[in-house]
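Mind having a look at this structure? Questions to follow.
The values are calculated or read from the model by the stated rules, or taken from the named source; none is laboratory data. All of these numbers come straight from a predicted model, not from anything done at the bench. Don't worry about glycine lacking a Cβ; one is built from the backbone with ideal geometry, like all the others, and counts go over all protein chains shown. Ligands, DNA and RNA are excluded from the accessible area calculation, which covers all protein heavy atoms including side chains. Shrake-Rupley method; radii C 1.70, N 1.55, O 1.52, S 1.80 Å.
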Amino acid sequence: MERQPISSSNIVSAGYDAANQILELEFKNGVVWQYTHFPEEMWYEFLGAPSQGKYFYAQIRSRFADLSYRVE
């Protein structure tokens with residue numbers, strides 16, 4: 001999945017696969033996580049948020065924790 005750079009203290013890049021509803025985030029520690037069943041409208045909210053890091057912690061981290069997996 002192609003990711004784009006994100007200006008965040010914790011997130012390096014983000015990508016979205018609309019056909020499969022997968023959000024992919026690369027964190028500064030090098031770990032990549034994919035969040036499944038992620039709605040496309042939330043992808044655009046994430047991109048447009050004043051702080052993608054704050055949006056992640058408030059809207060994604062706990063809500064999609066059970067639908068995520070680490071990419072090796």
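Looking only at residues that are open to solvent by less than 60 Å² (accessible area, probe 1.4 Å) and in a strand (DSSP E or B) in the range 27-61, which one is farthest from SER13 (Cα to Cα)?
TYR35
In the range 21-49, which residues are of a type outside the set (Asp, Glu), more than 12 Å from the chain's Cα centre (by Cα) and at pLDDT 95 or above?
GLY48, ALA49
Would you point out the residue of the range 1-18, among those that are within 16 Å of TYR44 (Cβ to Cβ) and either assigned to a loop (DSSP other than H, G, I, E, B) or aromatic (Phe, Trp, Tyr) (or both), that is nearest to the chain's Cα centre (by Cα)?
Step by step, filter the range 1-18, then rank; the result is TYR16.
For the range 62-72, which residues satisfy the criterion of being aromatic (Phe, Trp, Tyr) and in a strand (DSSP E or B)? Reasoning before the result, please.
Residues of the range 62-72 that are aromatic (Phe, Trp, Tyr), as a first pass: 64, 69.
Scanning the range 62-72 gives a single hit, TYR69.
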